[in-house]
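I have placed the structure first, in the form of structure tokens, so that the comments after it can refer back to it.
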Amino acid sequence: VGGDPVGDIAVLKIRAAGLKMAKILKDSDTLRVGDSVIAIGNPLGKLGGTVSRGIISYLGREVTVEGRKMTLIQTDTAVNAGNSGGGLFDIYGNLIGIVNAKASQVGVEGLAFAIPVNDVRELAEALVATATAGSYGYVPGRATVGATFVDGYYQVGGIFGRTYEIVYVSSLKENGAAYKAGMRKEDIILSVTVNGVTTEIEKAADITRIIEAQTVGTTIVFKVKRGGINGNELNISVVCEQYVYTI
């Protein structure tokens with residue numbers, strides 16, 4: 001039906017009959033630290049229906065997930081790869097969140113996170129409301145420039161030369177805002193300016209964060225180098241357009 005990478009939520013439509021509606025908590029703001037919770041998921045992608053139990057460790061935890069800042073429920077419930085997208089429930093069986101991340105560093109245990117059901121409901125309703133027969137649903141006002149930026153390296157002078165860390169354009173949406181403004185694949189991004197404020201770009205996540213903070217219609221000026229690290233500098237003004245999920 002639709003998807004939203006910022007909120008990390010998608011809505012699917014399936015052909016089925018006789019399904020029982022899940023119970024959903026009316027307001028996840030009523031949750032309290034210490035409440036018992038249950039996660040149901042498919043850890044490792046092979047163990048469907050696995051149930052684990054824990055408590056709410058923290059509410060409103062700000063976490064960076066794949067370069068995006070999110071405000072999540074923190075829990076010590078055991079989750080693993082494959083649990084993402086599974087439900088987090090209270091002891092009465094009410095859905096209170098959708099599991100979407102865990103800390104996976106060596107020596108770190110009991111740090112899992114879920115999207116609060118209030119946020120899930122708001123995003124899902126927007127995706128359903130904007131879906132049409134010929135287009136996926138979207139969250140109105142979500143900005144994009146129609147380009148994908150990645151971190152990389154650029155080497156000058158062979159194996160004994162100098163290696164630069166760069167952020168460059170890896171792909172462009174056909175007839176998207178960035179392409180129409182003149183941006184091209186392999187352009188190296190030096191800085192981004194919005195409303196007179198310039199940010200020097202060190203990581204692709206810097207650009208993602210800036211774009212997602214804008215609204216549709218905002219102009220972003222990208223300073224780029226074209227033709228390699230010693231290429232020509234260009235300023236490209238891109239007007240943010242509405243993000244619509246595509247496959």
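The values are calculated or read from the model by the stated rules, or taken from the named source; none is laboratory data. All figures in this text were calculated on a predicted structure; none of them were measured in a lab. Please note: Cβ atoms are built from the backbone with ideal geometry, for glycine as well, and neighbour counts cover all protein chains shown.
Any chance you could count how many residues in segment 8-18 are surrounded by 10 or more Cβ atoms within 10 Å (Cβ to Cβ) and either farther than 13 Å from Gly85 by Cβ or of a type in the set (Val, Ile, Thr) (or both)?
2
The rows are residues; the columns are (1) closer than 22 Å to Leu72 by Cα; (2) modelled with pLDDT under 90; (3) of a type in the set (A, V, I, L, M).
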{"residue": "Ser104", "(1), (2), (3)": "yes, yes, no"}
{"residue": "Val108", "(1), (2), (3)": "yes, yes, yes"}
{"residue": "Ala114", "(1), (2), (3)": "yes, no, yes"}
{"residue": "Asp119", "(1), (2), (3)": "yes, no, no"}
{"residue": "Arg142", "(1), (2), (3)": "yes, no, no"}
{"residue": "Ala147", "(1), (2), (3)": "no, no, yes"}
{"residue": "Ser171", "(1), (2), (3)": "no, no, no"}
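Tell me, which strands (runs of 3 or more DSSP E) lie completely within segment 67-142 with 2 or more residues that are exposed (fewer than 15 other Cβ atoms within 10 Å of the Cβ)?
68-75
Mind listing just one residue for me: the one in segment 201-236 that is surrounded by 13 or more Cβ atoms within 10 Å (Cβ to Cβ) and of a type in the set (S, T, N, Q) and, of those, nearest to the chain's Cα centre (by Cα)?
Within segment 201-236, the match that is nearest to the chain's Cα centre (by Cα) is Thr208.
Has segment 224-231 got any residue that is assigned by TED's automatic domain parsing to the domain that holds Ala147, in contact (Cβ under 8 Å) with a residue 40 or more places away in the chain, of a type in the set (A, V, I, L, M, F, W, C) and closer than 17 Å to Phe149 by Cβ?
Going through segment 224-231, the residues assigned by TED's automatic domain parsing to the domain that holds Ala147 turn out to be 224-231.
Restricting the remaining residues to those that are in contact (Cβ under 8 Å) with a residue 40 or more places away in the chain gives 224, 226, 228-231.
Add one more test, that the residue is of a type in the set (A, V, I, L, M, F, W, C), and what stays is 224, 229.
Going one step further and asking which of them are closer than 17 Å to Phe149 by Cβ, we end up with 224, 229.
Scanning segment 224-231 turns up at least one residue that is assigned by TED's automatic domain parsing to the domain that holds Ala147, in contact (Cβ under 8 Å) with a residue 40 or more places away in the chain, of a type in the set (A, V, I, L, M, F, W, C) and closer than 17 Å to Phe149 by Cβ.
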